[in-house]
1. Among the candidates LEU93, LEU79, which residue alone is over 20 Å from VAL197 (Cβ atoms) and in the same structural domain as PHE135 (by TED's automatic domain parsing)?
2. Which of (1) of a type outside the set (D, E, K, R); (2) open to solvent by 10 Å² or more (accessible area, probe 1.4 Å); (3) not in a loop (DSSP other than H, G, I, E, B) does THR45 not meet, given it meets every other one?
3. As an exercise: evaluate ASP318 against (1) open to solvent by 20 Å² or more (accessible area, probe 1.4 Å); (2) closer than 19 Å to GLU7 by Cα; (3) not hydrophobic (A, V, I, L, M, F, W, C) and give the number of the one condition it does not meet.
4. Considering only the range 160-171, I want to know if a residue exists there that is over 23 Å from THR32 (Cβ atoms) and open to solvent by less than 50 Å² (accessible area, probe 1.4 Å).
5. Residue check: is THR244 free of Cβ contacts under 8 Å to residues at least 40 places away in the same chain, open to solvent by 10 Å² or more (accessible area, probe 1.4 Å) and hydroxyl-bearing (Ser, Thr, Tyr)?
6. Which fully enclosed helices (runs of 4 or more DSSP H) of the range 89-207 have 1 or more residues being away from the ligand (no atom under 16 Å from the Cβ), under 19 Å from MET77 (Cα atoms) and out of contact with any Ser or Thr (no Cβ under 6 Å at 6 or more places or on another chain)?
Amino acid sequence: MDRQVLEINRGLIRRFASTVRTLCAGQGIEPTAVVKGYNALDEVTDALYDAGYRSFASSRTAHLKKVKSRYGNAETMALRVPMQSEAESVVELTDISLNSELAVISLLDEAARKAGKIHKVILMRDLGDLREGIFDRDRFVEAATMVETGYRNIRLHGIGANLSCYGTVVPTAENLSELAANAAEIETCIGRKLDAVSGGSSTSLYLALAGAMPRGINHLRVGGANLMRSEARDIPDDALPELTDEAFVLRAEVIEAGLKPTHPIGRLGTDCFLKTKAFEDRGVRKRVILAVGAFDIGDHAALAPLDSGVKLLGCSSDHLIADVQDSAHEYRLGDTIPMALRYQAMLFSTATGHIEKKFV
Ligand SMILES: *Cc1c(COP(=O)(O)O)cnc(C)c1O
C-alpha cells in the first residue's frame, strides 16, 4: 500500500465545477477553467470537461499544449502576459491571450500572420492590484482602440482585470463597475460589442452568488473554486453546501511519534528557510513527524488535517511536524494522516514527481 499518496476525487471535482458553471450561467457569465493549479493533470481536466467546460486557461503554454492534444475542440487561453520570446508558441497553442504590452501584441500579430491565423487578445486593465494590466484609464482605452485597428492578424476579443493576486485587492461591485464602464467606452470607440469582459477569477464568484456582479461582466477565469471551497472566497458559510475541501487529500506517513518539549532548547537563530520564529512553551506534548515537506506542499499552512485534533507546527524541506496531543486517535509509527489541500499545496503536490497520485 502506498503510504504517501495524493487522492484526487474526480466525482467531487465534476460536482464543484458544475456548481460553478450553473452559478455563472445564472448571471450571464461564461467561465473558462484554469488548469495551472493542478499542473494540468489529464484526469482532472477530464472531470472539468465532463462538467461542461470547453474553454481552458493556463499561465504556462505547456499545459495548454496538453489540453489541445487531448481536446482538439477546446478553446485555450494564455493567462500570463506573454514573454516576447514565446510569441510564436502562444499563437500556435492558444486561441486567446491576456496582454498588457502593445510591443508584445505586435509580435503576436507577426507570428499569427506567419501561421496564417487570427489570434485573439484580451487587453488587461490594472484596477489596483498592481500585477499585470494598463493602469491609466485613458491610455487603456487608447490601447484597446489600437489593438482593434492596428493589427491585421489580431482580434480584440475583450478586456479583463486581475485582482486578489499580488495586492490582495478584493473584487467588488465598485472596481468591476470601472471595468464594465471601460468596456462600454471602448465599444463606443470601436463601434461593436466586445466578446468578453473578464472580471477576474474564483475570488469574483461571491459577487455572482450575491447577484451583485456589475452588468457587462460576462466572463471569469475560474481555477481554484472548481477544485476546492477555500478558493471561493467570501461566500457565506451556508451557501453552496456542495462545495467542499475534500477533492484533494494528501496522506502522509508517520515516521516518528512520541513526546517532546514544545519550546526548542538552546540559542535560537533561524530555521532552514532563514526565518526567525517565536515558540510558545506548552510543556511536553505528543507529536509526530510526517514524511512530507515544503518540497511537496510549499508551506504547512497550505494543509488542513481532516482530524481537527491534529495541529501542524511547521515543516522543513522533507519533514512535517504535527502536534497530536488533542486528537482522539492514538497515532503510531507507520500510520498515515489525511490532510486536505489548500491552493499552494495543490500547486506543489500535483507538480512533484515524488508523490503518487491516486484518482478515485
Ligand atoms: C491563475 C489565474 C487565474 C485563476 O485564479 P483562481 O484564483 O485559481 O481562480 C485567473 N486569471 C489569471 C490571470 C491567473 O493568472
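The values are calculated or read from the model by the stated rules, or taken from the named source; none is laboratory data. Just so it is clear, the model here is predicted, and its values are computed rather than measured. Ideal geometry is used to build each Cβ from the backbone, glycine not excepted, and the neighbour counts take in all protein chains shown. For accessibility, only protein heavy atoms count, side chains too; no ligands or nucleic acids. Shrake-Rupley method; radii C 1.70, N 1.55, O 1.52, S 1.80 Å.
1. Numbers: LEU79 fails: over 20 Å from VAL197 (Cβ atoms).
Of LEU93, LEU79, the one residue that is over 20 Å from VAL197 (Cβ atoms) and in the same structural domain as PHE135 (by TED's automatic domain parsing) is LEU93.
2. Every listed condition holds for THR45 apart from (2).
3. The one condition ASP318 does not meet is (2).
4. No: zero hits.
5. Numbers: free of Cβ contacts under 8 Å to residues at least 40 places away in the same chain: no; open to solvent by 10 Å² or more (accessible area, probe 1.4 Å): yes; hydroxyl-bearing (Ser, Thr, Tyr): yes.
Against the criterion (free of Cβ contacts under 8 Å to residues at least 40 places away in the same chain, open to solvent by 10 Å² or more (accessible area, probe 1.4 Å) and hydroxyl-bearing (Ser, Thr, Tyr)), THR244 does not qualify.
6. Values: elements: 102-115, 137-150, 173-190.
In the range 89-207, the matching helices (runs of 4 or more DSSP H) lie at 102-115, 137-150.
Yes or no, residue by residue, for (1) open to solvent by less than 30 Å² (accessible area, probe 1.4 Å); (2) in contact with a Ser or Thr (Cβ under 7 Å, 6 or more places away or on another chain); (3) in contact (Cβ under 8 Å) with a residue 60 or more places away in the chain:
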| site | (1), (2), (3) |
| --- | --- |
| GLY269 | no, no, no |
| LYS275 | no, no, no |
| ALA278 | no, no, no |
| ASP281 | no, yes, no |
| VAL284 | no, no, no |
| ARG287 | no, no, no |
| LEU290 | yes, no, no |
| PHE295 | no, yes, no |
| GLY298 | yes, no, no |
